[in-house]
Amino acid sequence: MSSPSESSSASEHEASDDNETQNAIREDLKGMSFEEIMKLKEELGAKVYKEAVLGSKSSRPQKPKAKTDLKRLNKNRPREMTTRRQVPFLGAEHRVERKKNVELRDPRFDEKSGTYSAETFKKNYQFVSQIRAKEVGQLKKKLDEVEDEAEKHHIKDTMQRLINKNVEDKKWHTKQKQLKKERSAIQKKHDLGQQPHYLTKKERRAKELVAQFEKLKNTGKLNKHMEKRRKKNAAKDRKRIGIE
């Protein structure tokens, strides 16, 4: 049975032999070109080449790991953590778990969001008309300050677009009020046991035109509107004759 001193001397002898072999290999590599070294590395393989030049992991001198002694003032206080390790953001792990459980969905096409109601939508976003009116006022002021013709044209187009949207919203709300009146009149007829009259599309359109005519007449814009219609119809006629 070999003693510990004999085994240690044997290991030292083996290590010295390995060092001599590595030194001899390094000396041979010094006389070789870079291309020859790369070719040798490809033939032997990266692992074998590294062991031949640097030696095996067991033979390499390893640095002893520094023991981190984390201090605390007394046993009841939390341990002081090293500043070299990045501290995770507060609640980051919970946020990652929460993200995994979140189901992404588009409310426009999801049944869970309920059915679309145009009336509810228009009522909830009625304030947008006021915002548009304010924007029109701001654009009017800007139009007086601008001198560039192209920019003036762009501002006028934007103003007209906003005004048209507000006009369409007003028309929609007026139409809805009219429909509510019709429904309430029909319901009253039903309650009295009478046969109600249901307006056709043609009758409703004629009624809307009469109401529009009366409104233009009262505001003094009838002549201007009629002139505009006349020009529009004349342009249509000219186009139709030209095609024929």
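Any of LYS189/LYS217; LYS165/LYS217; LYS177/LYS201; LYS165/LYS215; LYS140/LYS177 with alpha carbons more than 25 Å apart? Name them for me. Cα-Cα > 25 Å for LYS189/LYS217; LYS140/LYS177; rest within. Rounded to the nearest 20, the Cβ-based charge dipole of segment 127-198 about its Cα centre (Lys and Arg +1, Asp and Glu -1) stands at 740 debye.
Where a ≥ b ≥ c are the square roots of the eigenvalues of the C-alpha gyration tensor, would you call segment 199-243 rounded, which needs a/c under 1.5, or, failing that, prolate if a/b is larger than b/c, or oblate? Judged from the Cα gyration tensor, segment 199-243 comes out oblate (a/c at least 1.5, b/c at or above a/b). Taking all protein chains into account, the per residue accessible area for segment 128-235 stands at 87 Å² (1.4 Å probe).
Going toward the positive end of the dipole of segment 127-198, with +1 on Lys and Arg Cβ and -1 on Asp and Glu Cβ, which of GLY137, MET159, GLN195 do you reach last? Of the candidates, GLN195 comes out farthest on the positive side.
Projected label points at LYS188 and ASP110, each 7 Å from Cα along the beta carbon direction, are separated by 4.5 nanometres.
The values are calculated or read from the model by the stated rules, or taken from the named source; none is laboratory data. Treat the numbers as computed from the prediction; the structure is a model and nothing was measured. Cβ coordinates were reconstructed from backbone atoms using ideal geometry, including for glycine residues, and neighbour counts include every protein chain displayed. Heavy atoms of the whole protein, side chains included, go into the accessibility calculation; ligands, DNA and RNA do not. Shrake-Rupley method; radii C 1.70, N 1.55, O 1.52, S 1.80 Å.
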